[in-house]
Amino acid sequence: MSTDSSPTKKKLPFVRRMLTARGRSLEITKAGYLFIVLTLAVGFAAINSGANLLHVLFGCQIGLIIASGLLSENMVQRAIVHRRITSPLHAGGRAALAVELRNNSARGDMISVSVEDDDRIETSDTTEPVFSVAVPGGGSTTLHSSVTMQRRGLHPLPKAVVATRFPFGLFVKRRELPGRERVLVYPRIHPVDATALEEARAGQGEARGARDRAGEFFGLAEYRQGQELRRIHWPATARLGKPVVREFEARGEAERILILPPGVAGERSFEAAIEELASQVVALLREGRIATGLRYGDELVVEPGTGSGHERRLLEFLALVGLERAPGPTPATSGEASPGSERAA
């Protein structure tokens, strides 16, 4: 792969490690440290002097620390988070991310809550943090962020936490989100001159009277691997005993078959070839005049076509080719709503 984004655990301060357990992480802020020092100072003064007022003040300070812990726990406990990407996600690029934050309790507002990456893990895959001042009881709000992923393929979103400094800003309470939605990351895209690609293909488009995928009926041909099943002519298939498809007369637009030599995921040359082809796919199809297909080795894996849906099919194949998971439909693809959710259970 072009960039290593394998997550690694950070070395946390001793106090932070001691205050982390069972999916909870407690961090003392600068104001918190100052308040704790003042509390201890008041406690020692109360013991040495025996003044009742100092004992009362010391008890109030201890009560504030306890109340801070209980209230912050209540805020992160009631949070339910659902994240989904809302635009195509390419390796190394940013995509829009919608974060739905819901208050699971009908009793009281959820105040001063943020959703952010887990700072205990170091990775180049990142999302921008989002913050909500208040979510009413039983209500929800949608916040807008962005996500950056470094490798093509099907990957989970970066590990996230629900965090709050409520109520006094003395501590940062964080709670892990146990589930992570997987998203399909398309290959990295480089700038490509679509005009140059067209000129390189000049004179090689289909002329009227040749076979095409739409237009006037041209004839029947034997089915080839990778062709759309909806083009199969079932009466002729039943009569001949083998699958045949309908061919149509071309309308004169150019056609381009891109070729990807077989390779292994992670090899620099193979990954570079995938990125180059993905860049050409985007440049050709967004021009809207060139029907683009893809051949992987000797097999036509994606039949020539046009449109945004066809562009997605090509990019999906390039995103998964050579990886352990075979190319094909995925449960959550770039730019589409993902059915899964991430929640603080």
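Consider G43 against the criteria (1) closer than 29 Å to G137 by Cα; (2) out of contact with any strand residue (DSSP E or B) (no Cβ under 9 Å at 6 or more places or on another chain); (3) in a helix (DSSP H, G or I): it satisfies all of them except one. Which criterion is unmet?
Evaluating G43 over (1) closer than 29 Å to G137 by Cα; (2) out of contact with any strand residue (DSSP E or B) (no Cβ under 9 Å at 6 or more places or on another chain); (3) in a helix (DSSP H, G or I) leaves (1) as the failure.
Please enumerate the residues belonging to the range 164-180 that are assigned to a loop (DSSP other than H, G, I, E, B), in contact with a strand residue (DSSP E or B) (Cβ under 6 Å, 6 or more places away or on another chain) and either of a type in the set (F, W, Y) or open to solvent by 20 Å² or more (accessible area, probe 1.4 Å) (or both). Lay out the reasoning, then the answer.
Of the residues in the range 164-180, the ones assigned to a loop (DSSP other than H, G, I, E, B) are 165-170, 177-180.
In the following step, the residues that additionally are in contact with a strand residue (DSSP E or B) (Cβ under 6 Å, 6 or more places away or on another chain) were identified as 165-166, 177, 179-180.
R165, F166, G179, R180, listed by residue number.
Any residue at all in the range 307-321 that is at pLDDT 90 or above, surrounded by 21 or more Cβ atoms within 10 Å (Cβ to Cβ), within 26 Å of the chain's Cα centre (by Cα) and assigned to a strand (DSSP E or B)?
No - not one qualifying residue is present in the range 307-321.
Determine the pairs where a residue that is at positive phi and open to solvent by 20 Å² or more (accessible area, probe 1.4 Å), located within the range 84-96, has a partner that is among the polar types (S, T, N, Q) and assigned to a loop (DSSP other than H, G, I, E, B) with Cβ atoms under 8 Å apart, the partner being 6 or more residues away or on another chain.
Here the result reads G92/S2; G92/T3; G92/Q150, each pair linking the range 84-96 to a residue that is among the polar types (S, T, N, Q) and assigned to a loop (DSSP other than H, G, I, E, B).
Collect the residues in the range 74-92 that are part of a strand (DSSP E or B) and in contact with a Phe, Trp or Tyr (Cβ under 6 Å, 6 or more places away or on another chain), keeping them in residue-number order.
Correct list: H90 only.
Which fully enclosed strands (runs of 3 or more DSSP E) of the range 100-163 have 1 or more residues being closer than 19 Å to R84 by Cβ, polar (S, T, N, Q) and over 15 Å from the mean Cα position of the chain (by Cα)? It would help to see each step written out before you state the result.
Numbers: elements: 110-117, 130-135, 140-148, 153-156.
Where strands (runs of 3 or more DSSP E) fall fully within the range 100-163 and carry at least 1 residues being closer than 19 Å to R84 by Cβ, polar (S, T, N, Q) and over 15 Å from the mean Cα position of the chain (by Cα), they are 110-117, 130-135, 140-148.
With respect to L19, determine if the residue is modelled with pLDDT of 95 or more and open to solvent by 40 Å² or more (accessible area, probe 1.4 Å).
Numbers: modelled with pLDDT of 95 or more: no; open to solvent by 40 Å² or more (accessible area, probe 1.4 Å): yes.
When the stated conditions are applied, L19 does not pass them.
I'd like to know if the range 274-281 contains one or more residues that are assigned to a helix (DSSP H, G or I), touching an Asp or Glu at 6+ places or on another chain (Cβ under 7 Å) and at pLDDT 80 or above. Give the derivation first.
We begin by selecting, within the range 274-281, every residue assigned to a helix (DSSP H, G or I); these are 274-281.
With the extra rule that they be touching an Asp or Glu at 6+ places or on another chain (Cβ under 7 Å), the set shrinks to 281.
Remaining after also requiring at pLDDT 80 or above: 281.
Checked the range 274-281: at least one residue is assigned to a helix (DSSP H, G or I), touching an Asp or Glu at 6+ places or on another chain (Cβ under 7 Å) and at pLDDT 80 or above.
What single numbered condition from (1) modelled with pLDDT of 95 or more; (2) open to solvent by 20 Å² or more (accessible area, probe 1.4 Å) fails to hold for G50?
Status for G50: all satisfied but (1).
The values are calculated or read from the model by the stated rules, or taken from the named source; none is laboratory data. Only a predicted model underlies this, so the values are computations on that prediction, with no experimental measurement involved. Note that we place each Cβ from the backbone using ideal geometry, even for glycine, and neighbour counts take in every protein chain shown. Heavy atoms of the whole protein, side chains included, go into the accessibility calculation; ligands, DNA and RNA do not. Shrake-Rupley method; radii C 1.70, N 1.55, O 1.52, S 1.80 Å.
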